[in-house]
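Bear in mind these aren't lab numbers, they're just calculated from the coordinates by the rules spelled out. Please read all numbers here as calculations on a predicted model, not as lab measurements. Here Cβ is always computed from backbone atoms with ideal geometry, including for glycine, and neighbour counts include all displayed protein chains.
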Amino acid sequence: MFPVFTPTHGLLLAALSLLPTRLSCSSLAVPDVPHIAAYFGTKTRYEEVNPHLLRDVLSVNTSVLKPPPTERCSPVHLTAVIRHGSRYPTAKNIRRILKLSELVRAEASRDSGSSVGWLQDIRSRWEPWYTEDMDGQLVMKGRDDLRQLARRLATLFPSLLSEENVRKRRVSFISSSKHRCVSSVEAFQEGLQQHWSPHDGPPEFLHEVDDELMRFFERCRGYVEGVENNRTALLEVEKFKHGKEMDGVRKKVADKLGLPFHSLTPDLVEAAFFLCSYELSIKSVHSPWCFLFDERDAKVLEYKSDLKQYWKRSHGHVISSLSSCPLFHHVFRTLDKAGRPRRSSEASPEPASILVGHAETLLPLLSLLGLYKDQTPPTASNYHSQHGRSFRSGRIVPYAANLLLVLYDCRGGPRLQLLVNETPVGFPGLQEDAPLYRDVRAAYRHLLDGCDFRWECEGRGGGGGHGPNTEL
Ligand SMILES: *[C@@H]1O[C@H](CO)[C@@H](O)[C@H](O)[C@H]1NC(C)=O
Ligand SMILES: *[C@@H]1O[C@H](CO)[C@@H](O)[C@H](O)[C@H]1NC(C)=O
């Protein structure tokens with residue numbers, strides 16, 4: 001009546017009556033997914049955004065490409081700005097995880113009373129296996145994220161990401177210098193190789209490291225001083241962290257763990273929540289830590305992360321999006337070149353440009369383009385009116401998140417389409433899925449003519465205040 005399981009799971013039977021889901025996570029290849037998996041913010045798996053990939057990681061929906069059918073369009077260029085894949089926690093989060101697990105164990109040794117299966121698991125069977133040297137590195141699953149994305153994009157754009165184009169070095173690959181991004185661009189290239197010739201060895205493709213493009217945020221003084229190192233800039237996050245919604249979650253979790261409220265700080269509650277996310281995204285397991293949270297708690301913790309992303313990396317302060325001006329101009333210069341009319345004697349334009357960076361790279365750029373800007377900004381006090389917000393970091397920048405800009409050659413002139421995470425997204429203020437490129441340029445005219453990194457980031461040409469413009 002039960003699927004086979006090994007003797008090491010002898011305790012399973014006892015837990016079974018309480019938690020039937022544990023059986024499948026222990027003995028079957030396909031894990032059951034925690035019901036809170038869609039609320040992990042930037043630690044969300046890409047599959048949560050595109051669940052059809054759980055059935056087939058290589059499935060591609062070609063109808064996402066939507067140039068007008070009467071215009072006889074063909075894609076001539078793809079720019080893809082991609083976030084690295086699933087990774088280990090950073091050293092800071094690993095330290096929190098270790099602190100939390102010590103706290104819980106210390107409490108467990110005092111309270112030897114009976115407890116439910118998952119709590120026993122957390123207290124005595126779950127071993128913290130994270131070490132600080134893992135610090136943010138790409139995990140195996142993260143390599144798979146990028147390999148599979150590459151294969152899907154090669155299927156979606158066979159004429160652009162073709163073997164010939166890549167082998168002849170006509171496709172550019174640019175990465176942030178961080179280990180997880182370099183590993184991601186290599187995994188992307190491996191994916192292309194597997195797509196064309198599965199039996200060949202590792203590819204010998206090149207990539208370039210460019211932090212001015214992919215880590216612009218740390219070079220923008222106005223941003224670093226005005227937002228990153230400025231506690232007042234993130235006031236809404238601090239307020240929410242100590243507000244009534246978070247206190248409610250802390251109290252519940254502290255009670256479940258048998259800890260005094262004061263010892264379970266907001267950071268430690270978040271560490272427990274992230275543990276659930278890491279065990280899923282790294283090991284594909286349904287961790288016992290997940291049972292500490294129901295969907296309502298998860299939504300509160302998600303909101304806390306979204307507030308941070310909004311005020312630190314997005315519309316909260318315009319300097320955050322303006323810091324991405326170098327990348328914005330790079331992308332449009334590439335598109336300009338690719339869309340320019342050519343004589344047949346001229347070399348054909350670059351068919352694709354693959355840029356690998358961070359959530360911190362994508363969010364400012366998406367914000368600069370005017371995407372995911374809700375009418376009312378999220379704050380510490382309006383949680384209950386924000387359920388329908390479009391700014392949900394788990395939907396926008398999960399692991400392996402990607403912004404695709406597809407340029408088409410059409411009868412009536414070049415057209416441009418945007419996709420975020422392989423789903424079409426409209427340009428703010430323009431109606432069509434793939435408007436004329438000149439209309440897109442007109443819509444972003446103010447940025448194309450301005451958006452000067454020096455001017456914006458070095459304190460407006462040297463004069464005036466250095467603080468961020470906090471206009472929303
Ligand atoms: C394919 O994409 C189109 C356009 O976005 C969408 O309407 C359709 O539902 C998708 N089909 C599947 C099977 O996901
Ligand atoms: C810090 O942020 C606040 C609020 O956005 C702003 O008023 C202030 O000027 C900033 N401080 C600096 C040094 O930029």
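Here are some notes:
- Per-residue ellipticity at 222 nm from helix content only, as computed over the chain with -39500 (n - 2.57) for each DSSP H run of at least four residues, stands at -12000 deg cm²/dmol.
- Directionally averaged shadow of the chain, computed from the convex hull of its alpha-carbon atoms, nm²: 25.5
- Separation of segment 43-98 and segment 162-210, taken as the distance between their Cα centroids, equals 17 angstrom.
- Environment charge of residue 102, counting only residues whose C-beta is closer than 13 Å and scoring Lys/Arg +1, Asp/Glu -1: +3
- As a length-normalised measure over Cα pairs under 8 Å and 6 or more apart, the relative contact order of segment 77-214 settles at 30 percent.
- Computed from point charges on the beta carbon alone (+1 for Lys and Arg, -1 for Asp and Glu), the dipole magnitude for the chain about its Cα centre is near 340 Debye.
- Here the extension length gained between residue 337 and residue 454 equals 39.7 nm, from 0.36 nm per residue of separation less the Cα-Cα distance.
- Residue (of 453, 254, 287) at the positive-pole extreme of the chain, dipole from beta-carbon charges: 453
- Length released on extending from residue 387 to residue 439, taking residue separation times 0.36 nm less the Cα-Cα span: 15.4 nm
- For the chain, the relative contact order works out to 27 percent when only alpha carbon pairs closer than 8 Å and six or more residues apart are counted.
- Contour minus Cα-Cα distance for residue 98 and residue 170 (0.36 nm per residue): 21.3 nm
- Span-like helix ranges in the chain, DSSP H, alpha carbon extent 15 angstrom or more, Kyte mean at least 0.0: 266-283, 325-339
- Sorted by Cβ neighbour density within 10 Å, fewest at the top, the residues 289, 455: 455, 289
- Reachable lysines from residue 239, criterion Cα separation under 29 angstrom, eight or more residues apart if same chain: 43, 92, 99, 251, 252, 256, 299, 304, 308, 312, 373
- Range in the chain, longest, excluding exposed GluC sites (Glu not before Pro) [loop by DSSP; at most 13 other beta-carbon atoms within 10 Å]: 1-203
- Across segment 191-266, Cα pairs under 8 Å and at least six residues apart give a relative contact order of 13 percent.
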